[in-house]
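As structure tokens, the structure follows; a few thoughts come after it.
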Amino acid sequence: MLKRLPGGVKNTLLYGFSIALMKGVSLIMLPILAYFLTAEEFGRLEVITSLAVIGSILVGMGLEATLFRFAGECNDLEQRKQIAAEIFSLALIIGVISAVVSWFVAEFIATHMPGNPSVYEIRLTLFLLSLEGAIAIPLGWLRMHDRVISFFLITTGRALLQALLTAYMLWLGGSVASILEASLIAAVLTASILVYLQLKDTKLDLKLASFKQSLIYSMPLVASGLVAFGLNGLDRWILADYTTLTDVAHFGVAAKFSLAVILLLQPYNMWWTPRRFIVLNQQNGQQKVARFITIGLVLTLIISVLVGLASPLLIHALLPDNYAISAQYVVGMVIVMACKEMADLVNIGCFTGKTTRAQLAINAFAVCLGIAGMLYWTPQYEVWGIIYGLITAQLTRLILFFIISQHFLPLDYPKGPLFLLTSVSLALVIISGLSSSLFMQIISMLISTGLLSLIAIRFNLVPVSMRVQ
């Protein structure tokens, strides 16, 4: 039966199974962490892991996107392998340098970060980040060639190992450092396997000219990522400065549940992102790209509504009572995630040139606006102040990315039906958030899913006969 499905649908389902198992383990670990860690420890872990956000940007250097951009345009497999070998070589060099630097900068970072992390905890986090390129580039290579089974075994194996190690260490009385140790062990084993597979496929190739081309394309992505740290990392730091680590923990729980929007969209995005330039260069490429982005937008809206309705129920059911307040913040964070995912879908025009300066400019403006909002609203509204700032920034990104991307690459979207679907989705999330009844929440989920699906089908937003070769 699976073989009869169109290629895109089949790969989406396979990626979906992979991501569901991998991320599902992480969601199961959330109540375990909440049980073994105090709210203050959980908040400190949130602050420490926010360092991983900015670190992964610096170490990753945007090379995965660079791989998709330049290798994805090559129809010749040998040339594609050559480009991948050059990019992977650069990623390994950056990883080695970052590992050495990490040892010396850990004490400085620990001293100046909120939450009072230890030097050991910072070193564990930084060493983990030094493996970013050794993991991301080979996984990107697997995605480019639809090697879904290999991707599934490696990613879910890492997640399961990390979860088992974490649970075991916490059961023995471990704390935040134990969680970081488990993550590092799992990452080292994963990187070892992926490096072997990548070397077997492409080997290494050190070329200065290629490094220069990759860095020209990727540096604006790095700068853009650093700017985006203001929306995914700095928010915890601002909250910790104005409130308490317990408030950071409550916000962190809401943010993690809202990440289910990204999780459930991962199967589609992980199939679509590495192939979008390949599709764009096909016959009628712009029409196909517009269609697939539209499908992604519809999925984003439907999934966001479901997550917004289900998350409060799960928080009350799975977590200790002292985390119940997190349920109030989920709807706001779901709106944040929905805007983020939609912006990342419609921004393809900003990636079609030789540089990515437009993306950097848009992200910089939106983040500055968001940080200003968080600094202004947080002293008065605390956690909600952070959420207001994040919504402002992500909505700004969505609007600007759509306008600028259309300038570089005009695509024929069904704007009217999409606007209608977006308006109905927002209304459903807000209205349903007013109900605290379990029965009414379940009924709302069923009605919302049916209504949004009917709108999407009625206006032909989700055609069933498309496929990508």
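The values are calculated or read from the model by the stated rules, or taken from the named source; none is laboratory data. Predicted model, so just to flag it, every value in this text is computed and none were measured. In this analysis, Cβ positions are derived from the backbone assuming ideal geometry, glycine residues included, and neighbour counts consider all displayed protein chains. Accessible surface areas use protein heavy atoms only, side chains included; no ligands, DNA or RNA. Shrake-Rupley method; radii C 1.70, N 1.55, O 1.52, S 1.80 Å.
Any idea what the dipole of region 231-316 comes to, in debye rounded to 20, about its Cα centre with Lys/Arg Cβ at +1 and Asp/Glu Cβ at -1?
520 debye
Report the percentage of all Cα-Cα pairs in region 94-189 whose separation exceeds 17 Å, rounded to a whole percent.
Counting every Cα pair in region 94-189, those more than 17 Å apart make up 59 percent.
What is the log10 of I(q)/I(0) for region 114-163, computed with the Debye formula using one identical point scatterer on each Cα and no solvent, at q = 0.13 Å⁻¹?
Cα-only, vacuum Debye calculation for region 114-163: -0.45.
Towards the positive end of the charge dipole of region 135-240, with charges on Cβ (+1 Lys, Arg; -1 Asp, Glu), say which of ASN232, GLY157, LEU206 has the farthest Cα.
Among ASN232, GLY157, LEU206, the one farthest towards the positive end of the dipole of region 135-240 is LEU206.
Could you bin all the Cα-Cα distances of region 62-147 into 5 Å bins starting at 0 and give me the percent of pairs in each, rounded to whole numbers?
Bins of 5 Å from zero give 3, 14, 21, 16, 12, 11, 9, 7, 4, 2, 0 percent of pairs.
Could you sort ASP247, ASP241, ASP76 by their accessible area in this structure, using a 1.4 Å probe and putting the largest first?
Greatest to least solvent exposure: ASP241, ASP76, ASP247.
For the chain, what are the DSSP H helices with axial Cα length of 24 Å or more and mean Kyte-Doolittle hydropathy of at least -1.0?
What comes out of the filter, once short or polar helices are dropped, is 7-36, 39-60, 77-112, 148-171, 176-202, 208-228, 285-318, 326-346, 357-381, 383-408, 415-432, 438-458.
Can you give the relative contact order of region 112-265 as a percent, counting alpha carbon pairs under 8 Å and 6+ residues apart?
28 percent
Ignoring any ligand, DNA or RNA, what whole percent of the accessible area of the chain comes from carbon and sulfur when the probe is 1.4 angstrom?
Ligands and nucleic acids excluded, carbon and sulfur reach 68 percent.
Which Cα, out of LEU299, PRO220, ASN460, lies furthest along the positive dipole direction of the chain (beta carbon charges, K/R +1, D/E -1)?
ASN460
Would you give the gap between the C-alpha center of region 212-261 and the C-alpha center of region 265-310, rounded to a whole Å?
Their Cα centres are 24 Å away from one another.
With a 1.4 Å probe and all protein chains kept in place, how do LEU369, LEU309 rank by accessible area, largest first?
Order by accessible area, largest first: LEU369, LEU309.
For the chain, what is the relative contact order in percent, using Cα pairs closer than 8 Å and at least 6 residues apart in sequence?
About 21 percent, as a whole number.
Under 1.5 on a/c is rounded, so check that first for the chain, then, if it is not, pick prolate when a/b is larger than b/c and oblate when it is not; a ≥ b ≥ c are the square roots of the alpha carbon gyration tensor eigenvalues.
rounded
For region 169-279, what mean projected area does the convex hull of the alpha carbons give, in nm²?
Its average projected convex-hull area is 11.1 nm².
About the Cα centre of the chain, what is the dipole size in debye to 20, counting +1 per Lys and Arg Cβ and -1 per Asp and Glu Cβ, all else neutral?
Once rounded to the nearest 20, the dipole reads 1680 debye.
Leaving out ligands and nucleic acids, and using a 1.4 Å probe, what accessible area per residue does region 116-194 come to in Å²?
39 Å²
With a ≥ b ≥ c taken as the square roots of the eigenvalues of the C-alpha gyration tensor of region 292-400, please select rounded if a/c is under 1.5 and otherwise prolate if a/b is larger than b/c or oblate if it is not?
Verdict is oblate for region 292-400.
What does the helix-only formula give at 222 nm for the chain: each DSSP H stretch with n ≥ 4 adding -39500 (n - 2.57), the total divided by the residues, and the result rounded to the nearest 500 deg cm²/dmol?
Rounded to the nearest 500, the figure is -28000 deg cm²/dmol.
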